[in-house]
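Below is one structure, written out as structure tokens; the observations come after it.
Since every read-out is calculated from the coordinates, none of them should be taken as a lab result. In this text the structure is predicted, and so the values were computed from the model without any measurement. Glycine also receives a Cβ, built like all others from the backbone with ideal geometry; neighbour counts cover every protein chain displayed.
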Amino acid sequence: MAWGFLTISALLIMYTIVLQGAFVLLWPAASFALVGISYLTTTTKCFGKKENGHLHWISQFILLPYLVCLWSLWHIIRFFQKENPYDTLNNQITIGRRLFFREMPSDTQVVVDLTCEFNEDKRIVANYEYKCFPILDCCPTQQQPLIDFIKDLALCDKKIYIHCAQGHGRTSMITCVLLVFQEKVSSPQQAMEQIQQKRPRANMTRRQWQLVENCCCSIAID
């Protein structure tokens, strides 16, 4: 994904040179370049997502060309995709895509937001216990911060809704580690089987799966 974004950026710069003066293209070029660098370094800092679930306004402005494309694509997928917006995993955990306030499961008490590229609905942040752990789409994250976050989340005895953009990769990654830590399953493979029984399209990339296995090994040693 990183090289794809950087390629788009390079093409936009080339068009700027060819068209001689189409400097407006430098904005989307910079936007896609920053996202590409973020994917190369596996960091979410350029999105500037804060604890209140919102991207910093400067980040939103700089990344606006990329974000407009991404947000538009998300709405298109949401409209056409024949998949439940969310699925209940057990009596505590529900998993799914990013939701609007009106779509939230009625018994939800805690919302775990794993997106770095979306602003969370202000009403969700205001009406639920909101926890934000930004992760790049299709990417792993740093192991120790993830383990610390899971340990904190495992102490919660409330109804939890875990989501990323579509409720597939990042959601599966965090939920797998959480289920293992809570000893609801004996292995990450068993956790993933449970997740896919409820949400068949849930899946992880190879790097995400490697992180899950590393986290579970670390938890077992502790």
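Taking a ≥ b ≥ c as the square roots of the eigenvalues of the Cα gyration tensor of the chain, is the shape rounded (a/c under 1.5), prolate (a/b larger than b/c) or oblate? Please report the intermediate quantities before stating the final value.
Details: a/c = 2.09, a/b = 1.69, b/c = 1.23.
In terms of gyration-tensor shape, prolate.
Roughly speaking, what is the centre-to-centre gap between the range 184-222 and the range 45-82 when only Cα atoms are used, to the nearest Å?
Here the two parts' Cα centres lie 27 Å apart.
Relative contact order for the chain: what percent, with Cα pairs under 8 Å and sequence separation of 6 or more? Mind dumping the intermediate values first?
Details: 341 pairs, mean separation 39.8, N = 222.
Reported as a whole number, the value is 18 percent.
Per DSSP H run of n ≥ 4, the term is -39500 (n - 2.57); total these for the chain, divide by its residue number, and report the mean residue ellipticity at 222 nm rounded to 500 deg cm²/dmol.
Details: 9 runs with 115 residues, N = 222.
Calculated from helices alone, the mean residue ellipticity at 222 nm is -16500 deg cm²/dmol.
Is the range 97-222 best put as rounded, prolate or oblate by its Cα gyration tensor, with a ≥ b ≥ c the root eigenvalues, rounded for a/c under 1.5, and otherwise prolate when a/b is larger than b/c, oblate when not?
Details: a/c = 1.59, a/b = 1.47, b/c = 1.08.
In terms of gyration-tensor shape, prolate.
Given the Cα-Cα distance of GLN109 and ILE58 and 0.36 nm per residue of separation, how much length would full extension add, in nm? Kindly include the intermediate steps, with their values, before the conclusion.
Working: separation 51, 0.36 × 51 = 18.36 nm, distance 3.11 nm.
Difference between extended and current length: 15.2 nm.
Using the count of nearby Cβ atoms within 10 Å as a rough guide to exposure, how do ARG78, ARG98 rank from fewest to most?
Numbers: ARG78 16, ARG98 23.
So the residues, fewest neighbours to most, are ARG78, ARG98.
In the chain, what % of DSSP beta bridges are antiparallel (nearest 5)? Don't skip to the answer; put the middle values down first.
Values: 4 of 17 bridges.
That works out to approximately 25 percent antiparallel.
What is the calculated FRET efficiency for GLU213 to LYS158, with r their C-beta to C-beta distance and R₀ = 30 Å, to the nearest 0.05?
Working: r = 28 Å, r/R0 = 0.93.
Step by step, r from the Cβ atoms, then E = 0.60.
Which of GLU83, GLU103 has the fewest other C-beta atoms within 10 Å, and how do the rest follow up to the most? Before the final figure, lay out the partial values.
Numbers: GLU83 17, GLU103 13.
With the sparsest Cβ surroundings first, the list reads GLU103, GLU83.
Using the per-residue mean of other Cβ atoms lying within 10 Å as a proxy for protection, in what order, highest first, do the peptides 173-180, 127-134, 138-145 fall?
Values: 173-180: 26.4, 127-134: 17.9, 138-145: 15.9.
Peptide ranking by packing, descending: 173-180, 127-134, 138-145.
If packing is taken as the average count of other Cβ atoms within 10 Å, what order do 193-202, 162-171 fall into, highest mean first? Walk me through the numbers on the way to the answer.
Details: 193-202: 16.4, 162-171: 24.6.
In descending order of packing, they fall as 162-171, 193-202.
Nearest 20 debye, what's the magnitude of the dipole of the chain about its Cα centre given +1 on Lys and Arg Cβ and -1 on Asp and Glu Cβ?
Working: 21 positive and 18 negative charges, 87 e Å.
Dipole of the chain, to the nearest 20 debye: 420 debye.
Past 28 Å, Cα to Cα: identify those pairs from LYS82/LYS151; LYS45/LYS151; LYS45/LYS82, in the order given.
Working: LYS82/LYS151 34 Å; LYS45/LYS151 23 Å; LYS45/LYS82 33 Å.
In this structure, LYS82/LYS151; LYS45/LYS82 exceed 28 Å between Cα atoms.
Which residue, chosen from PRO105, PHE32, GLY167, occupies the Cα position most advanced towards the positive end of the dipole of the chain, where the dipole is computed from +1 (Lys, Arg) and -1 (Asp, Glu) charges on Cβ about the Cα centre?
Positive-most Cα among the choices belongs to PHE32.
Using only Cα atoms and rounding to the nearest 10 degrees, what angle (0 to 90) does helix 2-19 make with the longest principal axis of the chain?
Tilt of helix 2-19: around 20 degrees.
How would you classify the range 125-164 from its alpha-carbon gyration tensor, with a ≥ b ≥ c the square roots of the eigenvalues: rounded for a/c under 1.5, else prolate if a/b is greater than b/c, otherwise oblate? The partial results should precede the final answer.
Values: a/c = 2.40, a/b = 1.36, b/c = 1.76.
It is oblate, given that a/c is not under 1.5 and a/b is not larger than b/c.
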